[in-house]
Amino acid sequence: MANEVTTTGDKGVPDWVRQTARKQAPDNIDASDMQPPRIKIMQGTSPELRDYPGQARLGDFWLDSRLMSLGREFKASVITRRKSYALWPPRAPGQDINQPLAVARDGVHWDRPGEEFTVRFPNNPKGYVWKLKNTVQESGLDKFGSSRHDDPKSPPAATLTYDFLMAIDLTGIGERGYTLAVVTNARSGVKPAKKLLTMMQEQPGDYFYHIYRVLSHEMKGPNGEPYYGFQYRAAGYVDAQIGAEFAQLHSEWNGERFANVDTTAATQPSAESARAGDDEDDVPF
C-alpha cells in the first residue's frame, strides 16, 4: 500500500500532530544540548539569498531553523537578554575569519586573560598590540581609540553585542503560538538595542510581559551602499496565560543556560567592514 503523506507546506503542522501527545522514548539529550534558532536580517551578501531564491528576500528577517522569511516586521516578547564582547582581528578583503581572538560572554571577564595579540589593518603596515587583562574594563578595549592607539577616533577593538532570546509571535505568518529565537545586535545594531533596553526598563511590569514590534529598515553605509538594520517599537502586553508561560521560560533560560548559547559567529566582521577598513560604526555586521 502506498504511503499516505499529509502535506502542509512550510507554514503548517497537521492537526493530528498538534493533538497527539509525544511518545518518543526518553534518552540522555536535554535542554542543555539544544541551541535556540537565530533570526537575522538578509543583507546583500547574505548567502541565504543565493541558497534559497524566492524564499530569502533582501531586507527580510530570516528564521534559520525553518529556512523561512518573517517579512520585514514581526512581534515578539523578550524572554531573557545578555551583553557580551568579542575581540575580532581586522579582516582583510577576501580573508575568512572563523573565530574571535577572545570573548567575554558575561560582558566582564575575558576568556584569555593575560594574552596579547599583534594585529594589522588593511592598507596600514603598522602592527597594533591588543593586551588582555582580566576584565574588559581593565583592558580598555571597549573604548574608542583602543583598536589603533595612534588614532583616538578609531573604533573600540572589542565588539559589544546584545543578545535577546525572543518569543516570536507566529500569527503574522499564518501559524499558531510562538517560537523561541535569538536576535543579535552588534555594531550598528547597538544603538537600537540600547533603545529597546531603555523601553524595557521604563515600561511597567517585567519585560517578558511586554510585546515589541521588530522592524527592518533600510540605511546607508559609509560609501552610500544600502543595508538593513533593526528598529524596535512598543506594542502592548501579552495576556495573563501567555505571561505565565513566558515567566516560566524566563526562569528556565535566564542566567547560565542562555550564557552558554554561542552567538559569536553573528558578530563576525563582514566583507563590507573589511573594505571600509573596519572604521565605520555604520557598517552593519
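Which one of the conditions (1) surrounded by 14 or more Cβ atoms within 10 Å (Cβ to Cβ); (2) without any contact (Cβ under 8 Å) to a residue 12 or more places away in the chain does ARG233 fail to meet, given that it meets all the rest? In the conditions (1) surrounded by 14 or more Cβ atoms within 10 Å (Cβ to Cβ); (2) without any contact (Cβ under 8 Å) to a residue 12 or more places away in the chain, ARG233 misses (2) alone. Between ASP142, ASP96, ASP150, the distinction of being acidic (Asp, Glu) and surrounded by 16 or more Cβ atoms within 10 Å (Cβ to Cβ) belongs to ASP142 only.
In segment 179-198 there is no residue that is within 30 Å of GLN241 (Cβ to Cβ), of a type in the set (Gly, Ala, Ser) and over 18 Å from the mean Cα position of the chain (by Cα).
Where strands (runs of 3 or more DSSP E) fall wholly inside segment 31-81, the ranges with 1 or more residues that are touching a helix residue (DSSP H, G or I) at 6+ places or on another chain (Cβ under 7 Å) and hydrophobic (A, V, I, L, M, F, W, C) are 61-63, 68-71. For the subset of segment 82-104 comprising residues that are in a loop (DSSP other than H, G, I, E, B) and among the hydrophobic types (A, V, I, L, M, F, W, C), which member is nearest to ALA56 (Cα to Cα)? The extreme case among them is ILE97. Of the residues that make up segment 208-221, is at least one over 25 Å from LEU67 (Cα atoms), within 22 Å of the chain's Cα centre (by Cα) and of a type in the set (Phe, Trp, Tyr)? Scanning segment 208-221 turns up at least one residue that is over 25 Å from LEU67 (Cα atoms), within 22 Å of the chain's Cα centre (by Cα) and of a type in the set (Phe, Trp, Tyr).
Of the numbered criteria (1) under 16 Å from the mean Cα position of the chain (by Cα); (2) of a type outside the set (S, T, N, Q); (3) loosely packed, with under 12 Cβ neighbours inside 10 Å, the one GLY224 fails is (1). Checking each residue of segment 48-63 against the condition of being modelled with pLDDT under 95, surrounded by fewer than 19 Cβ atoms within 10 Å (Cβ to Cβ) and touching a Lys or Arg at 6+ places or on another chain (Cβ under 6 Å) gives no match. If you go through segment 153-170 and keep only what is surrounded by fewer than 16 Cβ atoms within 10 Å (Cβ to Cβ) and within 22 Å of the chain's Cα centre (by Cα), you end up with nothing.
In segment 171-208, the residue that is surrounded by the most Cβ atoms within 10 Å (Cβ to Cβ) out of those that are closer than 16 Å to GLN231 by Cβ and of a type in the set (D, E, K, R) is ARG187. Of the residues making up segment 186-231, those that are more than 17 Å from TYR162 (Cβ to Cβ) and of a type in the set (Val, Ile, Thr) number 1.
How many residues are basic (Lys, Arg) and in contact with a strand residue (DSSP E or B) (Cβ under 7 Å, 6 or more places away or on another chain) if we restrict to segment 75-126? Result for segment 75-126: 6.
Candidates ALA76, ALA92: the one that is at pLDDT 75 or above, touching a Lys or Arg at 6+ places or on another chain (Cβ under 9 Å) and closer than 30 Å to LYS143 by Cα is ALA92. Taken over segment 105-122, the criterion of being hydrophobic (A, V, I, L, M, F, W, C), in a loop (DSSP other than H, G, I, E, B) and over 16 Å from ASP151 (Cα atoms) is satisfied by VAL108, TRP110.
Note on segment 147-185: residues that are farther than 19 Å from SER69 by Cβ, free of Cβ contacts under 8 Å to residues at least 60 places away in the same chain and touching a helix residue (DSSP H, G or I) at 6+ places or on another chain (Cβ under 8 Å) amount to 1. When PRO204 is tested against (1) touching a strand residue (DSSP E or B) at 6+ places or on another chain (Cβ under 8 Å); (2) free of Cβ contacts under 8 Å to residues at least 12 places away in the same chain; (3) not charged (D, E, K, R), only condition (1) is not met.
The values are calculated or read from the model by the stated rules, or taken from the named source; none is laboratory data. Note that the structure is predicted; figures quoted are calculated from it, not measured. Reconstructed Cβ throughout: ideal geometry from the backbone, glycine too, with neighbour counts over all protein chains shown.
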